[in-house]
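Since every read-out is calculated from the coordinates, none of them should be taken as a lab result. What you are looking at is a predicted structure, and each value in this text was computed from that prediction instead of being measured. Every residue, glycine among them, receives a Cβ derived from its backbone with ideal geometry; neighbour counts consider all protein chains shown.
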Ligand code: DMJ
């Protein structure tokens, strides 16, 4: 049979006119056979050619051959091609597996959780878009400033209170004018020797008193002085220094002071400076755990801890007192890094075992382990507890984690540290590896105000009990003043060796114009309106005037039990930031810096409450919404 007869599509001209229907049966059969053989060949090629088999097995199966080849690369051109294919296949397989895992996770979630996740993603995208929007000359996001309520007050109706309030303003004026006259631009004033004073806490940053006093000047309506201070900040406040600073002190006084000045006045310079300084502090968090160093060189970004701190540890009251300011820095800058850093501190703490529910003062930033088991609600521990409560209050009560941590910690403090003396005085002792030291610091006296501030939100009907406890602590701290010659409180007082609320060691008898006792009077007055708190505050004013006021300002004293004052020659910046501010508020009406709109940082700088969807989600950090 000629080949031509087998190939109808290459038929000879003689068959040109023949139609397919004219094939004979045998021809049709042969054609069918040829066609089937051709189709079989094509399929065979798909399934059996080497590359194709790899392609199919790579997509549909986990071929060990493919995995082996992926790990072992070769030099030949064909193998390079194979390697590329395998990389693609590996990626396809990985994506595929990831999608499966995600789908499985999603299926295991409750519908409300899925909804919340979608909502969070939406918020994140919309906030990112918002921040992509307009920026001002300082390259900061443009935000609409709205002054929170109660930034300034009004004169009290009661003539005696009005007069006392005016007296506090006069004291502020005297402290400020003296600083202006003798120490302008320095960190602090030496009121006896009438010159500037600089503590090494601030490195070579200058003007601590100016920044610390800004908000007090504003709320006392000393606007000319406020403007003068603003101008100094604009022209002279410089953070480009090659010096080591205390991260905690610089944060609470400078960052806190600048933030408050911004929220009270709306002046952009304060927002800009606060963010600039905040950014300079960020390298302090470069530790294996993210627990920041205590000390930082602002130029090199190199940090370290206090040489005296147990086993190279960071200090609870230092790394635990950044939260409020850093949340605001994220809000005002649009940079979530600040919030992320402080939320990470919580994560590290949450992972650790707490001895009897207590937080030791020392934590090693390299190992993430506690140092010595010393616990204190005074020095080295104090404001950590304060910031847990205030983080919750400042978040419009959405930061449930902060709330829980605070009330759990307070419960442990109550069980292990709060005691009553035989004379009936309630005090908060210190805890050293399970043993109590029956001593209370002046610093610890802030706890009366803190416990009163938290009482309202306390769990299980504890409100009344916590208010009583706060009142008892206020009474004890008042006693520590009343039992001295100068009617000013010692640095620490004891409840052992036959004494109660009295300092027995010479190095604990000094008073450095600290605010904590007056701070507690102010909170107690706001919550109870019991006149004794104003009376106690007024007793302190008289003692300050009599023993601390000198020609060139206000000075601390070396021994509150001495018959006459021996001045230490320092007017601390916190005297203007805190002591005088809390006194002024003690004699002001409650609508001046009302507590439902403002929280005070640990240096008494008021910060507005922020309405945010969740403080635990740095990605939700967006522009400030002031309440
Ligand atoms: C202030 O700087 C702050 O109140 C800080 O929390 C503790 N010490 C001083 C005032 O005593």
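I'd like to know if segment 558-574 contains one or more residues that are within 19 Å of residue 216 (Cβ to Cβ) and under 25 Å from the mean Cα position of the chain (by Cα). Among the residues of segment 558-574, at least one is within 19 Å of residue 216 (Cβ to Cβ) and under 25 Å from the mean Cα position of the chain (by Cα), which makes the answer yes. Within segment 360-377, can you find the residues that are in a loop (DSSP other than H, G, I, E, B), touching a strand residue (DSSP E or B) at 6+ places or on another chain (Cβ under 9 Å) and away from the ligand (no atom under 16 Å from the Cβ)? If the condition is that a residue be in a loop (DSSP other than H, G, I, E, B), touching a strand residue (DSSP E or B) at 6+ places or on another chain (Cβ under 9 Å) and away from the ligand (no atom under 16 Å from the Cβ), then 360, 364, 365, 369, 371, 372, 373 are the ones that fit.
Of the residues making up segment 237-255, those that are over 18 Å from residue 576 (Cβ atoms) and more than 16 Å from the ligand (Cβ to nearest atom) are 238, 239, 240, 241, 242, 243, 244.
Which of the residues belonging to segment 415-464 are more than 16 Å from the ligand (Cβ to nearest atom), part of a loop (DSSP other than H, G, I, E, B) and crowded, with 20+ Cβ neighbours inside 10 Å? The answer is 417, 425, 429. Within segment 287-307, the set of residues being in contact (Cβ under 8 Å) with a residue 40 or more places away in the chain, assigned to a loop (DSSP other than H, G, I, E, B) and within 14 Å of residue 203 (Cβ to Cβ) comprises 293, 294, 298, 299, 300. Mind checking which residues of segment 235-254 are assigned to a helix (DSSP H, G or I) and surrounded by fewer than 13 Cβ atoms within 10 Å (Cβ to Cβ)? Within segment 235-254, 235, 236 meet the criteria.
Please verify whether segment 308-325 includes one or more residues that are free of Cβ contacts under 8 Å to residues at least 24 places away in the same chain and out of contact with any helix residue (DSSP H, G or I) (no Cβ under 8 Å at 6 or more places or on another chain). Yes, segment 308-325 contains at least one residue that is free of Cβ contacts under 8 Å to residues at least 24 places away in the same chain and out of contact with any helix residue (DSSP H, G or I) (no Cβ under 8 Å at 6 or more places or on another chain).
Tell me whether segment 477-485 contains one or more residues that are more than 23 Å from residue 450 (Cα to Cα), surrounded by fewer than 24 Cβ atoms within 10 Å (Cβ to Cβ), free of Cβ contacts under 8 Å to residues at least 60 places away in the same chain and more than 32 Å from the chain's Cα centre (by Cα). Looking for residues that are more than 23 Å from residue 450 (Cα to Cα), surrounded by fewer than 24 Cβ atoms within 10 Å (Cβ to Cβ), free of Cβ contacts under 8 Å to residues at least 60 places away in the same chain and more than 32 Å from the chain's Cα centre (by Cα), one finds at least one in segment 477-485, hence yes. Return yes or no: is residue 484 within 24 Å of residue 544 (Cβ to Cβ), away from the ligand (no atom under 16 Å from the Cβ) and in a helix (DSSP H, G or I)? No: the conditions fail for residue 484. Scoring residue 368 on the criteria (1) buried (at least 18 other Cβ atoms within 10 Å of the Cβ); (2) in contact with a helix residue (DSSP H, G or I) (Cβ under 7 Å, 6 or more places away or on another chain); (3) farther than 22 Å from residue 602 by Cα leaves a single failure, condition (1).
Restricting the search to segment 527-583, which residues are closer than 24 Å to residue 501 by Cα, in a loop (DSSP other than H, G, I, E, B) and away from the ligand (no atom under 16 Å from the Cβ)? Passing the criteria: 530, 531, 558, 559, 561, 562, 563, 564, 565, 566. Within segment 496-518, the residues that satisfy the criterion of being in contact with a helix residue (DSSP H, G or I) (Cβ under 9 Å, 6 or more places away or on another chain) and more than 17 Å from residue 556 (Cβ to Cβ) are 500, 501, 502. State whether one or more residues within segment 378-387 are closer than 16 Å to residue 346 by Cβ, away from the ligand (no atom under 16 Å from the Cβ) and assigned to a helix (DSSP H, G or I). Within segment 378-387 (the criterion being closer than 16 Å to residue 346 by Cβ, away from the ligand (no atom under 16 Å from the Cβ) and assigned to a helix (DSSP H, G or I)), the answer is no, since none of the residues qualifies.
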